[in-house]
Amino acid sequence: MRRILHWIKRLVHNEAAREESEARLENLRLAFKARYQNFKAILSSNTKALDVMSEMEMALSGARPFGMSFVRSASTVVSVNVFRMIQHLDQMVPGVYSELFQSFEKIQQRLDTILIPRRIEPGDKLVVPLSAVDRTMVDQVGNKMANVAEIRNHIGLPVPPGFVVTAAAYEVFIRHNDLHAEIEGRIRSTDTASMKSLDDLSVELQKIITNAPIPQELEEALTNAYNDLESAAGKGVRVSLRSSALGEDALGASFAGQFRTKLNVSQADIAQGYKEIVASKYGLPAVTYRLSRGIPDESVAMCVGCMAMVNAVSGGVMYSVNPTNIRDVSVVINSVKGLPKGVVDGSVDPDVFVVSRTDPMKVLEKKRCRSAEQEQVITAERMIVSDRDVPKEGEASLEDDQAIELASMAIRLEEYYGCPQDIEWAVTETGALQILQCRPLEGPRDAASRGSEAADSPVDAPILLKGGVTASPGVAFGEVFVVRTSEDRLRFPQGAVLVTSQALPEWAPLLSRAGAVVTEVGGIAGHLANVAREFGVPALFGVAGAVEQLRQGALVTVDSDGRTVYEGRAEGLAALTTPRRNLMEGSPVYEALEKAASHIVTLNLLDPEAHEFQPKNCRTFHDITRYIHEKSVEEMFNFGEQHNFPQGSSKQLFFKVPMQWWVLNLEDGFGHEIQGKYVTLEDIVSVPMLAVWDGITAVPWEGSPQVDAKGFMSVMVQSAANPHIEASVGSSFSTRNLFLITKNYCSLHSRFGFHFSTLEAYVDANPEENYIHFAFKGGAADYRRRVMRARLIQEIMEEYRFRAEVKEDSLFGRMENADQEFMTSRLKILGYLILHTRQLDMVMSNEKEVARYKNKFRCDISTFLWPESGDRGSVSDRNSRSFG
């Protein structure tokens with residue numbers, strides 16, 4: 001009876017222990033699943049953030065025009081994804097990295113000062129007479145009408161009377177109809193790279209504005225202003241309505257011809273005409289112009305000038321210097337009969353007068369451009385085209401004395417404003433001259449014509465490589481320096497062309513010395529590409545065979561724009577080393593993006609081993625993404641080390657091998673639900689695990705190396721001196737090999753006697769998320785032999801593009817950001833090394849055996865990586881042939 005009771009107690013105890021073990025396993029499984037889900041979310045947000053950072057950098061390089069909506073939306077997308085990364089990392093390891101929230105908040109506050117528009121108070125007057133305006137009121141009346149008023153009130157030149165509908169009126173009109181949000185929303189949702197989309201946007205917005213009602217207070221202000229003008233210019237005076245948007249007619253942004261002008265407008269049509277001028281802000285020419293010149297939509301409040309119509313007998317445009325040759329200081333006058341509209345819109349060929357600046361001034365040249373029997377003249381009375389008699393032979397639209405008087409006005413305006421001027425003018429029926437508007441002249445720039453000539457000339461240098469993607473634009477010449485290991489980095493010379501297999505962040509410190517970068521693997525969204533663009537270093541990524549074909553020390557020219565590497569110095573490309581002019585550079589939108597990028601894209605944390613690699617030192621969003629990516633991978637790698645999964649909780653792999661392998665499915669690593677204790681390879685869908693297993697089983701293990709007397713004694717001494725090793729011998733876990741898997745994730749904890757291996761990998765179709773981390777330690781021989789064995793494995797791994805580091809007798813390796821095919825091939829290599837390097841420490845003192853094993857490893861790997869090839873070429877040759 002006592003035995004029965006004892007048996008029952010044992011049964012109950014065992015059942016309780018089993019339930020406790022199952023509960024512990026379930027908790028571990030749930031903990032890992034939560035960590036894994038957060039990890040995947042971090043990778044996803046990281047990719048999105050880096051993609052947008054790359055778009056911002058490409059925009060700054062002048063790749064395409066953009067508006068403030070791009071700056072704000074891009075900054076917001078990065079901000080949202082970076083914050084998500086911080087949240088997910090905090091959920092993975094609560095409280096450990098909470099300081100990142102503070103760093104994020106500081107960066108966001110700095111960004112807000114750039115992205116949140118600071119509105120300039122437009123004043124409180126809806127309409128202002130020209131007599132009360134000067135150029136200090138630019139923010140209220142716009143550049144164009146401020147200049148016109150300045151000419152009238154301070155320079156003292158004749159200008160028609162009138163008034164200005166102000167920026168305050170524009171705000172009242174827009175707010176009254178609640179158009180701010182409507183316009184911003186439509187712009188944000190438009191593909192600005194598509195002309196069709198921009199045209200649709202233009203039509204929609206103009207229709208919305210012209211159909212919107214004028215507020216009563218603005219309508220009353222317009223009526224009162226017209227009544228005052230009528231008193232000065234005569235009963236029923238007709239007016240011209242001209243745009244005077246904020247920023248229009250400013251130096252460097254003329255907006256010439258981008259907005260509407262309405263002539264001969266009656267009092268009854270002023271309100272509708274005003275709306276049409278405001279709507280022209282969203283005409284297709286104006287929209288595309290703002291995009292190209294980097295002018296924010298919200299900064300262009302549309303003011304409108306209303307001036308009494310001039311019944312002109314002639315009119316036109318004059319330039320205070322020759323607009324086609326900035327060094328010719330002659331005044332050039334273009335003139336037609338009637339209003340200057342024909343000159344302004346280019347509908348007729350004008351007369352041309354060239355006037356000298358000599359004292360006395362004189363007409364140097366006159367050119368009549370009419371050839372028709374009758375001339376078409378635009379009249380002010382009815383704004384129609386009428387026929388007038390052809391002037392007599394030699395008669396022009398201007399008398400010489402009128403041309404000289406106009407030229408003297410042009411010089412006077414140039415001297416007043418301090419730069420060449422573009423001036424619209426008219427001559428009344430009484431012969432009086434009137435200035436209608438004036439703006440800075442956009443003359444020709446000192447374009448790098450030599451650069452265009454060089455671009456057109458043939459490049460006679462031999463082509464070494466062609467293809468890849470332009471990660472950072474430009475042309476550079478230098479000596480090839482191939483970087484494979486961390487030691488190569490220390491020997492990198494100034495001005496050399498950095499050539500490497502992968503565009504890894506660790507090569508970023510070399511960019512301050514590099515003339516150009518060429519890699520076999522990498523994309524424009526990576527850290528190195530971002531830093532290369534920031535430093536202005538030409539970079540060509542994804543060039544197959546670069547490492548093998550670009551010889552160490554060879555002189556080459558890298559044309560990243562042309563995606564070509566030439567042998568020697570390509571003289572035809574020399575002029576292209578001068579950066580191309582970016583039309584947006586210096587504009588408000590460009591400067592806003594530039595300032596935002598300095599808080600978003602700049603990368604300061606380059607070295608994870610450095611003391612500065614801490615949350616408090618994250619000064620940009622890129623720093624935060626770099627830090628989180630590094631730490632999240634580290635936390636995933638440490639999970640299996642910190643949590644001892646029960647062996648009985650997993651499925652045993654059913655396969656004919658002498659060792660036992662166990663598989664724990666953490667999420668979707670099995671193709672279906674597995675019943676019982678065993679799982680087969682056919683049941684497993686984990687991409688990285690299957691790749692590792694292919695390597696483990698690729699070549700049969702020869703068995704333990706032939707140990708000499710010294711090696712045997714070394715093992716015996718270590719076994720006696722190390723209690724941990726001794727305790728493990730004979731343990732059920734002495735050959736424990738456990739896979740923790742999902743479809744794209746694998747964590748392997750392998751132990752063969754005294755040898756410990758840990759491997760973690762994430763592999764899917766997105767190269768930016770892929771990584772492999774590998775650690776190898778332990779051994780039964782003495783310390784010196786274990787170190788030698790670690791260095792041997794390091795040498796083999798580095799030949800296959802791993803970054804490997806030996807610390808004491810432990811080896812640590814990693815690989816990141818390669819495509820799925822490349823990553824799986826490297827996992828096969830690691831699987832092979834895990835099996836075939838065990839107990840190798842015991843023969844490390846035998847040079848012949850070491851050489852034999854090196855050769856065997858290389859041949860074996862070559863055989864299973866490239867089974868279709870009969871020869872056994874060099875490792876670098878094989879790599880460039882298949883994984884360039």
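The values are calculated or read from the model by the stated rules, or taken from the named source; none is laboratory data. Since the model is a prediction, treat every value here as computed from it, not as a measurement. Glycine also receives a Cβ, built like all others from the backbone with ideal geometry; neighbour counts cover every protein chain displayed. Heads up: the accessible areas ignore ligands, DNA and RNA and are worked out on the full protein's heavy atoms, side chains in. Shrake-Rupley method; radii C 1.70, N 1.55, O 1.52, S 1.80 Å.
For the stretch 538-571, residues that are under 22 Å from Arg801 (Cβ atoms), in contact with a helix residue (DSSP H, G or I) (Cβ under 8 Å, 6 or more places away or on another chain), open to solvent by 10 Å² or more (accessible area, probe 1.4 Å) and at pLDDT below 90 total 1.
Considering only the stretch 600-619, state which residues are within 25 Å of Phe66 (Cα to Cα) and surrounded by fewer than 23 Cβ atoms within 10 Å (Cβ to Cβ). Can you show your working first?
Applying the first criterion (within 25 Å of Phe66 (Cα to Cα)) to the stretch 600-619 yields 600-603.
Thr602, Leu603 - these are the residues of the stretch 600-619 that are within 25 Å of Phe66 (Cα to Cα) and surrounded by fewer than 23 Cβ atoms within 10 Å (Cβ to Cβ).
Scan the stretch 68-79 and tell me whether some residue there is assigned to a helix (DSSP H, G or I), under 19 Å from the mean Cα position of the chain (by Cα), modelled with pLDDT under 80 and not aromatic (Phe, Trp, Tyr). Within the stretch 68-79, one or more residues are assigned to a helix (DSSP H, G or I), under 19 Å from the mean Cα position of the chain (by Cα), modelled with pLDDT under 80 and not aromatic (Phe, Trp, Tyr).
For the stretch 762-820, which residues satisfy the criterion of being of a type in the set (Gly, Ala, Ser) and open to solvent by 40 Å² or more (accessible area, probe 1.4 Å)?
First, pick out the residues of the stretch 762-820 that are of a type in the set (Gly, Ala, Ser): 765, 775, 778-781, 790, 804, 810, 813, 818.
Matches in the stretch 762-820: Ala765 only.
Figure legend. Inter-residue proximity from the stretch 431-442: first residues closer than 14 Å to Glu414 by Cβ, second residues at pLDDT 80 or above and part of a strand (DSSP E or B), beta-carbon distance below 6 Å, spacing 6+ or different chains. Indicated pairs: Ile435/Trp425; Cys438/Gln421; Cys438/Ile423; Arg439/Asp422; Leu441/Tyr319; Leu441/Gln421; Leu441/Asp422. Of all residue pairs spaced 6 or more apart or on separate chains, those with beta-carbon atoms under 8 Å, a first member in the stretch 482-496 that is touching a residue at least 40 places away in the same chain (Cβ under 8 Å) and a second member that is surrounded by fewer than 13 Cβ atoms within 10 Å (Cβ to Cβ) and assigned to a loop (DSSP other than H, G, I, E, B) are Val482/Gln552. Looking only at the stretch 808-835, residues that are out of contact with any helix residue (DSSP H, G or I) (no Cβ under 8 Å at 6 or more places or on another chain) and among the hydrophobic types (A, V, I, L, M, F, W, C) come to 2 in all.
Checking the stated criteria, Ala516 turns out not to satisfy the condition of being open to solvent by 10 Å² or more (accessible area, probe 1.4 Å) and at pLDDT 75 or above.
Any idea which residue in the stretch 335-352 is farthest from Val310 (Cα to Cα), counting only those that are in contact with an Asp or Glu (Cβ under 7 Å, 6 or more places away or on another chain) and modelled with pLDDT of 85 or more? The qualifying residue farthest from Val310 (Cα to Cα) is Ser335.
The single condition from (1) modelled with pLDDT under 90; (2) buried (at least 20 other Cβ atoms within 10 Å of the Cβ); (3) farther than 30 Å from Asp460 by Cα; (4) not acidic (Asp, Glu) that Pro588 fails is (2). Elements of the type strands (runs of 3 or more DSSP E) sitting completely within the stretch 653-768 and holding at least 1 residues that are among the basic types (Lys, Arg) and modelled with pLDDT under 70: there are none.
For the stretch 302-320, taking the residues that are part of a loop (DSSP other than H, G, I, E, B) and open to solvent by less than 10 Å² (accessible area, probe 1.4 Å), the one that is modelled with the lowest pLDDT is identified as Ser320. Does Val138 satisfy the criteria of being modelled with pLDDT under 85 and among the β-branched types (Val, Ile, Thr)? Yes.
Take the residues in the stretch 572-585 that are within 30 Å of Asp297 (Cβ to Cβ) and open to solvent by 70 Å² or more (accessible area, probe 1.4 Å); name whichever of them is modelled with the highest pLDDT. Give the steps one after another, and end with the answer.
Initially, the stretch 572-585 is screened for residues within 30 Å of Asp297 (Cβ to Cβ), giving 579-585.
Adding the requirement that they be open to solvent by 70 Å² or more (accessible area, probe 1.4 Å) leaves 579-581, 583, 585.
Numbers: Pro579: 51, Arg580: 43, Arg581: 49, Leu583: 51, Glu585: 72.
The extreme case among them is Glu585.
Checked against (1) open to solvent by 10 Å² or more (accessible area, probe 1.4 Å); (2) in a loop (DSSP other than H, G, I, E, B); (3) touching a helix residue (DSSP H, G or I) at 6+ places or on another chain (Cβ under 7 Å); (4) not polar (S, T, N, Q), Arg838 passes all but condition (3).
Please specify each residue of the stretch 163-217 satisfying the condition of being surrounded by fewer than 16 Cβ atoms within 10 Å (Cβ to Cβ) and under 26 Å from Pro129 (Cα atoms). If the condition is that a residue be surrounded by fewer than 16 Cβ atoms within 10 Å (Cβ to Cβ) and under 26 Å from Pro129 (Cα atoms), then Arg175, His176, Thr210, Pro213, Gln216, Glu217 are the ones that fit.
Restricting the stretch 88-124 to residues that are at pLDDT 90 or above and among the basic types (Lys, Arg) leaves a set whose member that is least open to solvent (accessible area, probe 1.4 Å) is Arg110.
State which residue is farthest from the chain's Cα centre (by Cα) when the search covers only the stretch 54-67 and only residues that are part of a helix (DSSP H, G or I) and either at pLDDT 90 or above or surrounded by fewer than 21 Cβ atoms within 10 Å (Cβ to Cβ) (or both).
Restricting attention to the stretch 54-67, the residues satisfying the condition of being part of a helix (DSSP H, G or I) are 54-60.
Now drop any that are not either at pLDDT 90 or above or surrounded by fewer than 21 Cβ atoms within 10 Å (Cβ to Cβ) (or both), which leaves 54-55, 58, 60.
Working: Ser54: 2, Glu55: 3, Met58: 5, Leu60: 8 Å.
Once the filter is applied, the top-ranked residue is Leu60.
Among residues belonging to the stretch 757-772 that are over 10 Å from Asn817 (Cα atoms) and of a type outside the set (A, V, I, L, M, F, W, C), point out the one that is nearest to the chain's Cα centre (by Cα). Applying the filter and picking the extreme gives Asp764.
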